[in-house]
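Note sheet for the following structure.
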Amino acid sequence: MANQELIDALRDADAVKFGEFELSHGGTSSYYVDKYVFETDPRCLELIAQAFADRVGQSKLAGVALGAVPLVAVTSVETGHPYVIARKQAKEYGTGNRIEGELTEGEEVVVLEDIATTGQSAVDAVEALREAGAAVDRVLVVVDRQEGATEHLADHDIELESLLTAEDLLEDAEGIDG
């Protein structure tokens, strides 16, 4: 069952918008879940951190840069678990690291992400972490848009677990037909 308190907080923060939106993967949608709204709202962050903390077990945390950094940071504070940041590609300056933070060979890591549409960002992060020696088989997201991410991650031996689905978030919401 969906966390109604989190749904209400996202709606109250105006993180769910209706209209015509282009998505990062190139598709369009009649609704948009604005991660920058919920990732800058203290109440939303608190509820997300608590919900993620209930699900991460003893695993080290990883956040996908840049969007999931606030999420992994508040979850780290909530759990006391350290975290790393996974970049889509190595920086061309500084250390040139693709993974920022301390990671031990074989360490169990769970990836935190904001929104899953196709799941490609999460797959990229998991692959970077695996190349760095981490054991990763699970991604936790705030919202699964239910547009293929679960299946795409499964193709890479990754389980997707979401706090909310698009169906949860849009149920009884204004502006959505059917």
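Values quoted throughout were computed directly from the atomic coordinates according to the rules given, and no laboratory measurement underlies them. Everything numeric here is computed off the predicted structure, so don't read it as measured data. Every residue, glycine as well, gets a Cβ built from its backbone with ideal geometry; the counts of neighbours run over all protein chains shown.
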With +1 on each Lys and Arg Cβ and -1 on each Asp and Glu Cβ, and nothing else charged, work out how big the dipole of the chain is about its Cα centre, in Debye to the nearest 20. 660
DSSP beta bridges in segment 45-170 [antiparallel fraction, %, rounded to 5]: 10
Taking H as built 1.01 Å from N, whose amide H comes closer than 5 Å to the amide H of E108, not counting residues under 5 places away? K60, A135
3J(HN,Hα) from dihedral phi, segment 52-65, Karplus parametrisation 6.51/-1.76/1.60, rounded to Hz, x for glycine, proline: 5, 4, 5, 10, 7, x, 9, 5, 5, 9, 9, x, 7, 6
Using amide H atoms built in the peptide plane, which far-off residues or other-chain residues are under 5 Å from A116 H to H? V143, D144, R145
In the list [x] 27.5, 99; [y] 15.9, 50; [z] 18.1, 61, the entry giving Rg and Dmax of the Cα atoms in Å computed from the coordinates is [y]
Please build a GNM for the chain, connecting alpha carbons under 10 Å apart, and tell me which residue among E127, E22, E78 fluctuates the most. E22
Let me have the relative contact order for the chain, percent, based on Cα pairs under 8 Å that are six or more residues apart. 17
Per-residue HN-Hα couplings for segment 157-172 [Karplus 6.51, -1.76, 1.60; θ = phi - 60°; Hz; x = Gly/Pro]: 6, 10, 8, 9, 10, 10, 6, 9, 10, 4, 4, 4, 6, 9, 4, 6
So for R0 = 22 Å, FRET eff. of S24-E46 from the Cβ-Cβ r, to 0.05, ends up at 0.25
Give me a comma-separated list of calculated 3J(HN,Hα) values for segment 105-117, in order, Karplus coefficients 6.51, -1.76, 1.60 applied at θ = phi - 60°, integers in Hz, x for any Gly or Pro. 3, x, 5, 7, 10, 10, 8, 9, 9, 7, 9, 10, 10
Most exposed first by the Cβ proxy, i.e. fewest other Cβ within 10 Å, how do V111, V77, V126 rank? V77, V126, V111
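Using R₀ = 45 Å, calculate the FRET efficiency as 1/(1 + (r/R₀)^6) where r is the Cβ-Cβ separation of D8 and R130; round to 0.05. Numbers along the way, then the final one.
On the way: r = 37 Å, r/R0 = 0.82.
That pair, D8 with R130, gives E of 0.75.
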Angle, helix 69-79 long axis vs. longest principal axis of the chain, Cα atoms, 0 to 90°, nearest 10? 80
